[in-house]
């Protein structure tokens, strides 16, 4: 859309938005537009780095309430302006980029904890709250959300809901879609609706699950209630070094299928063990580093830990002990800070996917081969970071130390690798993504993944958002 | 350009989000430009094209920065985003494109003069922020340590340096140092944390023992107190100097301290790190104070105790209903 800033229509729309949220909370200056034109997606980063023109919003609007969100969406419908919700802006898939201009609807002023219910053990909060703040506030009341994603410091609750995010302890406590109990949503036409606030129901399909993962294409989630947990009496970790990743995968799967209920298992392949485990944790070994943890009453944790250790010991392992496991836990966020995290001029991408235990290893190798076929010099590393009853998630990454200097060539190469790797994952039993979402980056593959079922999603989108104002061009839905 | 010494910071911070939860101003405005990432992106634009230094949207964003240092303290690699902003302000001033309110405000600190009064071996720096806005801090200090000399007249260059006026800051510091030396005192008490950091970090007075008020009061024999206080740490003491003296003093005096807000990492100083926000961008300070007021109400905080006259001024101006005292007043009770 990109309105002409000097047109009177631009000023008319700005006046309408200002009337809703107040002078201080509508911006259109260069500095704020810049900040909202780059998220954590590598493509806008390289575009910026190489001095290319970025696409930003026409207006950045910061509503305080669901009612204000509703009014903003009504203005957007009147003028047929795209609206892109923006939380922490730390998404890696380009989901929050206002690629067609219009309104960036920044949710961070909706950041209050509204209620902590110690009887039902839930917390209700506005969705612009940063996850770490939510955790701190819940801690003050003696509880924990048990949601510890790498981006806890920078992503909002709404951001996690938008793309079905996950935290380190997902194996025991679930992904965000397991944690959320109910939500308030402003639909694209401005209705404020609520999903059912009960643990389970048989009152029709679960609307909450429709909006979880909708990435701002079906509305704006403004409030959410989620489970909270007591602070565990004990939390213990243990680490092992397997001679190869295959054995580590077998052991991890057996821990899960034995229903030992770990809070976390993480298995790093040999290349990532050599690269990142050495660099971040200082553990310099050849092999596959595996760490797991349990939490709860101490005597229960000790039994679980002992049984899990026994499963690992059935393979040729080096026992790195509890201390090495604790070091990993203490440094779990360090991986994502500069200079430990990959950064330009490197080209890098997290090819995260998920499959059942029968297929996950094949997915790992298929993606590896696809990356190497496209760009033999690319490094391919990975770890298996979220484990479930019948499968696990693969957090694979490709890294190119010196991508082409020309931004168009660099992006073309980048997209080619993504296309090949993700299509290889799908062909071998994986999916597009496990917890970073689809966004702009992977939308083109949604139709292939879902087949005729994608028409169902398109139908829902069209019904809820007849003017296609909500985050167009994302999640595989049509552009503006 | 001055900013060039922090190119590593630009590269590290421009696409990094990992400290935004501790960017005080961004937490109340929601603006990306109020985060270290937002400012590093602006710096990167200027790095790529020097003409961008004249963009007043960028200049305003750089002058609105809270400079709390909380993000730098949190960063596992301690990237100095505060240093980057301060160097960028020097470049802005060198180019003569600083906002007019900044120009006007800076004038009062240029070419200062200092006077010394009183008798004693200890010299107390009656900084203008205390003399004009929080004289009760000096009154409390006088009660605890009546025998001392006082130096006053103006700031010692701190504000000028923070605003990007490096040459004028150096000149002011030189005059201040000369006056201190002429006093003959070997101990200087600096109750203004920003000035304390300025003097310490530049090592302006290598032959003088420079102490903040709490450090000095720790050396005195002060009667024990009782009661509960909620400390709000100073940005300059906690994040810049890693100095924990105010809490140590309050604990030594017998006060029970309760953690204010939701985390020790967050800055609740209402823009103290900027030193000038309450004068130049009062609308932002009002928002920062509102967050403090909300936390005070939600967590039923009683008396807040602050180490900085700046924070006291901000809270008194925008939340007069809050009970706020300084460390000095807590000691003199």
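The values are calculated or read from the model by the stated rules, or taken from the named source; none is laboratory data. Values in this document were obtained by computation on a predicted structure and should not be read as measured data. In this analysis, Cβ positions are derived from the backbone assuming ideal geometry, glycine residues included, and neighbour counts consider all displayed protein chains.
Among the residues of the range A:332-348, those identified as part of a loop (DSSP other than H, G, I, E, B) and either free of Cβ contacts under 8 Å to residues at least 24 places away in the same chain or more than 8 Å from chain B (Cβ to nearest Cβ) (or both) are A:332, A:337, A:338, A:339, A:341, A:342, A:343, A:345, A:346. Output the residues belonging to the range A:415-433 that are under 22 Å from residue A:96 (Cβ atoms) and surrounded by 24 or more Cβ atoms within 10 Å (Cβ to Cβ). Within the range A:415-433, A:422, A:432, A:433 qualify.
Against the test of being under 15 Å from residue A:316 (Cα atoms) and over 22 Å from the mean Cα position of the chain (by Cα), the options A:256, A:245 yield a single qualifying residue, A:245. Consider the range A:330-347 and keep the residues that are in contact with a strand residue (DSSP E or B) (Cβ under 8 Å, 6 or more places away or on another chain) and either surrounded by fewer than 17 Cβ atoms within 10 Å (Cβ to Cβ) or modelled with pLDDT of 95 or more (or both). The one that is nearest to residue A:283 (Cα to Cα) is A:346. Within the set B:62, B:67, the sole residue that is under 23 Å from residue B:240 (Cβ atoms), part of a helix (DSSP H, G or I) and in contact with a helix residue (DSSP H, G or I) (Cβ under 7 Å, 6 or more places away or on another chain) turns out to be B:62.
In this structure, residue B:19 qualifies as in contact with a helix residue (DSSP H, G or I) (Cβ under 9 Å, 6 or more places away or on another chain), facing chain A (nearest Cβ under 9 Å) and either farther than 25 Å from residue B:156 by Cα or surrounded by 21 or more Cβ atoms within 10 Å (Cβ to Cβ) (or both).
If you take the residues of the range B:238-284 that are closer than 21 Å to residue B:164 by Cα and within 13 Å of chain A (Cβ to nearest Cβ), which of them is surrounded by the fewest Cβ atoms within 10 Å (Cβ to Cβ)? Applying the filter and picking the extreme gives B:282. Taking the range B:22-57 as the range and being within 7 Å of another protein chain (Cβ to nearest Cβ), farther than 17 Å from residue B:82 by Cβ and under 23 Å from the mean Cα position of the chain (by Cα) as the test, the residues that pass are B:30, B:31, B:32.
Listed here are the residues, each with its yes/no results for (1) under 18 Å from residue B:329 (Cα atoms); (2) surrounded by fewer than 18 Cβ atoms within 10 Å (Cβ to Cβ).
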{"residue": "B:106", "(1), (2)": "no, no"}
{"residue": "B:112", "(1), (2)": "no, no"}
{"residue": "B:118", "(1), (2)": "no, yes"}
{"residue": "B:147", "(1), (2)": "yes, yes"}
{"residue": "B:180", "(1), (2)": "no, no"}
{"residue": "B:186", "(1), (2)": "no, yes"}
{"residue": "B:189", "(1), (2)": "yes, no"}
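The residue pairs whose first member lies in the range B:309-326 and is assigned by TED's automatic domain parsing to the domain that holds residue B:138, whose second member is surrounded by fewer than 22 Cβ atoms within 10 Å (Cβ to Cβ) and assigned to a helix (DSSP H, G or I), and whose beta carbons are closer than 9 Å, counting only pairs six or more residues apart or on different chains, do not exist in this structure.
Filtering the range B:1-13 to residues that are touching a helix residue (DSSP H, G or I) at 6+ places or on another chain (Cβ under 7 Å) and at the interface with chain A (Cβ under 8 Å from one of its Cβ atoms) leaves only B:13.
Here the range A:17-29 is the region considered, the condition is being assigned to a helix (DSSP H, G or I) and surrounded by fewer than 18 Cβ atoms within 10 Å (Cβ to Cβ), and the residue that is farthest from the other protein chains (Cβ to nearest Cβ) is A:19. Criterion applied to A:14, A:33, A:71 was being part of a helix (DSSP H, G or I) and within 10 Å of chain B (Cβ to nearest Cβ), and the one residue passing it is A:33. Name the residue that is surrounded by the fewest Cβ atoms within 10 Å (Cβ to Cβ), counting only residues in the range A:36-53 that are assigned to a loop (DSSP other than H, G, I, E, B) and more than 10 Å from chain B (Cβ to nearest Cβ). So the residue we want is A:53. I need the full set of residues from the range B:305-329 which are surrounded by fewer than 24 Cβ atoms within 10 Å (Cβ to Cβ) and either at positive phi or part of a helix (DSSP H, G or I) (or both), in order please. Within the range B:305-329, B:313, B:316, B:317, B:318, B:329 qualify. Within the range A:119-130, the set of residues being buried (at least 22 other Cβ atoms within 10 Å of the Cβ) and either part of a loop (DSSP other than H, G, I, E, B) or facing chain B (nearest Cβ under 9 Å) (or both) comprises A:127, A:128, A:129, A:130. Of the residues making up the range A:101-118, those that are within 11 Å of another protein chain (Cβ to nearest Cβ), assigned to a loop (DSSP other than H, G, I, E, B) and buried (at least 19 other Cβ atoms within 10 Å of the Cβ) are A:107, A:108, A:109, A:110, A:111. If we scan the range A:385-394, do we find a residue that is touching a residue at least 24 places away in the same chain (Cβ under 8 Å) and part of a loop (DSSP other than H, G, I, E, B)? Scanning the range A:385-394 turns up at least one residue that is touching a residue at least 24 places away in the same chain (Cβ under 8 Å) and part of a loop (DSSP other than H, G, I, E, B). Of everything in the range A:256-282 that is in a helix (DSSP H, G or I) and touching a residue at least 60 places away in the same chain (Cβ under 8 Å), the residue that is surrounded by the most Cβ atoms within 10 Å (Cβ to Cβ) is A:272. Candidates are the residues of the range A:306-321 that are over 29 Å from the mean Cα position of the chain (by Cα) and assigned to a helix (DSSP H, G or I); the one that is surrounded by the most Cβ atoms within 10 Å (Cβ to Cβ) is A:312.
Take the conditions closer than 23 Å to residue B:12 by Cα, away from chain B (no Cβ under 14 Å), buried (at least 20 other Cβ atoms within 10 Å of the Cβ) and in contact with a helix residue (DSSP H, G or I) (Cβ under 9 Å, 6 or more places away or on another chain) and apply them to residue A:398. Does it pass?
Against the criterion (closer than 23 Å to residue B:12 by Cα, away from chain B (no Cβ under 14 Å), buried (at least 20 other Cβ atoms within 10 Å of the Cβ) and in contact with a helix residue (DSSP H, G or I) (Cβ under 9 Å, 6 or more places away or on another chain)), residue A:398 qualifies.
Of the residues that sit in the range B:70-80 and are part of a loop (DSSP other than H, G, I, E, B) and free of Cβ contacts under 8 Å to residues at least 60 places away in the same chain, which one is farthest from the other protein chains (Cβ to nearest Cβ)?
B:78
Determine whether the range A:423-434 contains at least one residue that is free of Cβ contacts under 8 Å to residues at least 60 places away in the same chain and either under 21 Å from the mean Cα position of the chain (by Cα) or assigned to a loop (DSSP other than H, G, I, E, B) (or both). Yes, the conditions are met somewhere in the range A:423-434. With respect to the stated conditions, residue A:98 is within 14 Å of residue A:439 (Cβ to Cβ), within 14 Å of another protein chain (Cβ to nearest Cβ) and either in a helix (DSSP H, G or I) or touching a strand residue (DSSP E or B) at 6+ places or on another chain (Cβ under 6 Å) (or both).
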